[in-house]
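The values are calculated or read from the model by the stated rules, or taken from the named source; none is laboratory data. All values reported here derive from a predicted model rather than from experimental measurement. Reconstructed Cβ throughout: ideal geometry from the backbone, glycine too, with neighbour counts over all protein chains shown. For accessibility, only protein heavy atoms count, side chains too; no ligands or nucleic acids. Shrake-Rupley method; radii C 1.70, N 1.55, O 1.52, S 1.80 Å.
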Amino acid sequence: MSADDPVLGEILSRYLDGELSAPVTLMQLLIETEDADSVRGTVTGFSRGFADGVENAPARQRAGELEQLMQNNIKGCRRIAAMLRADMDSARPARSVEEGIAFCERLFDWSVQQSEEASVALYSLGNPDLLEQATAEIVSQLREWGLVKREANVLDIGCGIGRLLVALAPEVRGAVGIDVSARMVAAARRRCEGLENVTVIKGDGYGLGGVPPAEFELVIAVDSFPYLRQSGYALVQRFVADSARVLKAGGQLVILNYSYSEDEETQAREMRALAAESGLEVVEIGRRPFELWDGVAFRLRKQ
């Protein structure tokens, strides 16, 4: 496939316009083609298609940076393409909450064995340095929001391999991660070994049962709510209500990506309804505050 393909061309145009970062652009190209070598050919042809000249210089430089990132991460991109071809993931709604939870457990038990970094962020391209940069960007934004504090306790819903727990541990009083995948939990515990203020819990996927009330200043969920939403709106309601229960007064629930639907109006409407049901105040809905990642932020505060 080439940049002449309308879907790929649109992705590359959004990259040139600054709407997408280079890693997210490569991720989207890989999702569309499931073929890393095809993407490499597309990106190379795209980069070399700009003629010399002052007017083309910015675009040529940006396209060259995309090509270089692809070349530097070709092995990781091939692994991600193989993961996509395996067709383990699915955007289809589950027929029941039980089916949805079982699917998530299977998916993440499998994906973490393929690539720990890619299992929590395909746009990392399986590169630990890229994942660390993306994680640092999230922590930086949390600081800007005033949510990373020395006295704070943090709960990470869907903690995956524990990347946020590791990053936040030096800056908060305590951090707890919970995940439905046993293999994710094992990876997170290994990565967090020696961090005395970090605990990783294997959850049952149905909520935050067993987590004490009014314990946390921050509850965060990075790319985990889309899977809850896919498993059923009732499950989303349970997790938001449970988050309200475990938050201290004034604490915030930060959801980074609520669903993978592009219907922003529906997402906003559901988020406002969830907040009202759980006694939470809407702070922010639907902003994209990151440069490396295209995640969408939703913030709710316990009154």
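General remarks:
- Failed item in (1) at pLDDT below 95; (2) over 20 Å from GLY160 (Cβ atoms); (3) open to solvent by less than 80 Å² (accessible area, probe 1.4 Å); (4) in a loop (DSSP other than H, G, I, E, B), with ASP4 passing the rest: (3)
- Out of VAL240, VAL236, VAL219, VAL254, one residue alone is of a type in the set (A, V, I, L, M, F, W, C), in a helix (DSSP H, G or I), crowded, with 19+ Cβ neighbours inside 10 Å and under 17 Å from the mean Cα position of the chain (by Cα). It is VAL236.
- Cβ-Cβ under 7 Å pairs, at least 6 apart or on other chains, region 84-106 side closer than 23 Å to MET27 by Cα and hydrophobic (A, V, I, L, M, F, W, C), far side part of a loop (DSSP other than H, G, I, E, B) and open to solvent by less than 90 Å² (accessible area, probe 1.4 Å): LEU84/GLU34; PHE103/ALA94; CYS104/VAL180; CYS104/GLY205
- Qualifying residue in region 20-38 (condition: farther than 26 Å from GLN133 by Cα and open to solvent by 70 Å² or more (accessible area, probe 1.4 Å)): no
- Looking only at region 167-177, residues that are crowded, with 24+ Cβ neighbours inside 10 Å and out of contact with any helix residue (DSSP H, G or I) (no Cβ under 8 Å at 6 or more places or on another chain) come to 0 in all.
- Within region 119-147, residues that are over 22 Å from VAL172 (Cβ atoms) and crowded, with 21+ Cβ neighbours inside 10 Å have Cβ atoms under 7 Å from residues that are among the basic types (Lys, Arg) and at pLDDT 95 or above in these pairs: GLY126/ARG79, counting only partners at least 6 apart in sequence or on another chain.
- Of the residues making up region 13-21, one or more are in contact with a Lys or Arg (Cβ under 8 Å, 6 or more places away or on another chain) and among the aromatic types (Phe, Trp, Tyr).
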